[in-house]
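First comes the structure, then the notes that go with it.
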Amino acid sequence: MDRTDFNKFDGLFWRTLALSLPKEGVASCFPDEPARLNRLIEVRWPHGPKCSNCGNTGISWIKSRSLFQCQQCRHQFSATSGTALHRSRLSLGIWFGATEAIIQYRNSSFIGEDMPAHALAQNFNMQYGSARRMRKIINAEIVRGDAGVLLPAIRVESEEDARF
Ligand SMILES: [Zn+2]
């Protein structure tokens, strides 16, 4: 890690990130799994879902399986396929909430230190090992910024005007 990388994660970085989260909290902003799924889809495909196999935009939604199906090549894919959340058994509620919790923890800690895995495990009612794996994925998503899905999904600052 060079000096530039280090500076990227100083207090100001976490403060700016924390300020871009919904003031009423991520859970009030996206209160249930359908709302969170819609948010994820909107963030991944602002112009509508696109087939990850052939690029076609004619896509059907298979409600019973929560999968998209390409009308051209019949390829089936989920909203999380190809993302850091692919094949995760955790709900989007946990992913969204834990990302918010980690950002807030690092913003409020004096030197931006990482949230302890046992605290995450306790807050989200999960095993310590799962919390550690989840934290690793979330931290990698934070580094990816807008190229990932978790940060764009829970950040709302640019929509402030539209929502009020
Ligand atoms: Zn296709």
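The values are calculated or read from the model by the stated rules, or taken from the named source; none is laboratory data. These figures come from a predicted structure and were not determined experimentally. Don't worry about glycine lacking a Cβ; one is built from the backbone with ideal geometry, like all the others, and counts go over all protein chains shown.
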State all residues of the range 120-133 that are surrounded by fewer than 20 Cβ atoms within 10 Å (Cβ to Cβ) and more than 23 Å from SER20 (Cα to Cα); if no residue qualifies, say none.
ALA121, GLN122, ASN125, MET126, GLN127, TYR128, GLY129, SER130, ARG132, ARG133
Can you tell me which of TRP14, TRP45, TRP95 is within 16 Å of the ligand (Cβ to nearest atom) and not polar (S, T, N, Q)?
TRP45
Just the residues that are aromatic (Phe, Trp, Tyr) and closer than 17 Å to LEU92 by Cα, please, taken from the range 121-143.
PHE124
Kindly check whether there is at least one residue in the range 138-153 that is among the basic types (Lys, Arg), surrounded by fewer than 18 Cβ atoms within 10 Å (Cβ to Cβ) and assigned to a loop (DSSP other than H, G, I, E, B).
no
In the range 17-58, the residues that are surrounded by 12 or more Cβ atoms within 10 Å (Cβ to Cβ) and among the hydroxyl-bearing types (Ser, Thr, Tyr)
SER20, SER52, THR57
Mind checking which pairs have a first residue in the range 24-43 that is more than 11 Å from VAL149 (Cβ to Cβ) and in contact (Cβ under 8 Å) with a residue 40 or more places away in the chain and a second that is among the aromatic types (Phe, Trp, Tyr) and crowded, with 19+ Cβ neighbours inside 10 Å, Cβ under 8 Å, 6 or more apart or different chains?
VAL26/PHE96; ALA27/PHE96; PHE30/PHE96; ARG36/PHE30; ARG36/PHE96
Residues located in the range 48-59, provided they are within 11 Å of the ligand (Cβ to nearest atom) and not hydrophobic (A, V, I, L, M, F, W, C)
PRO49, LYS50, SER52, ASN53, GLY55, ASN56, THR57, GLY58
Only residues that are in contact with a Leu (Cβ under 9 Å, 6 or more places away or on another chain) and not in a helix (DSSP H, G or I): list them for the range 104-137, please.
PHE124, MET126
Could you count how many residues in the range 45-68 are closer than 22 Å to ALA153 by Cα, part of a loop (DSSP other than H, G, I, E, B) and among the hydrophobic types (A, V, I, L, M, F, W, C)?
2
Only one of (1) within 13 Å of the chain's Cα centre (by Cα); (2) modelled with pLDDT under 95; (3) in a helix (DSSP H, G or I) does not apply to SER88, and that is (3)
Among the residues of the range 60-107 satisfying the criterion of being farther than 24 Å from ARG133 by Cβ and in contact (Cβ under 8 Å) with a residue 12 or more places away in the chain, which is surrounded by the fewest Cβ atoms within 10 Å (Cβ to Cβ)?
ILE62
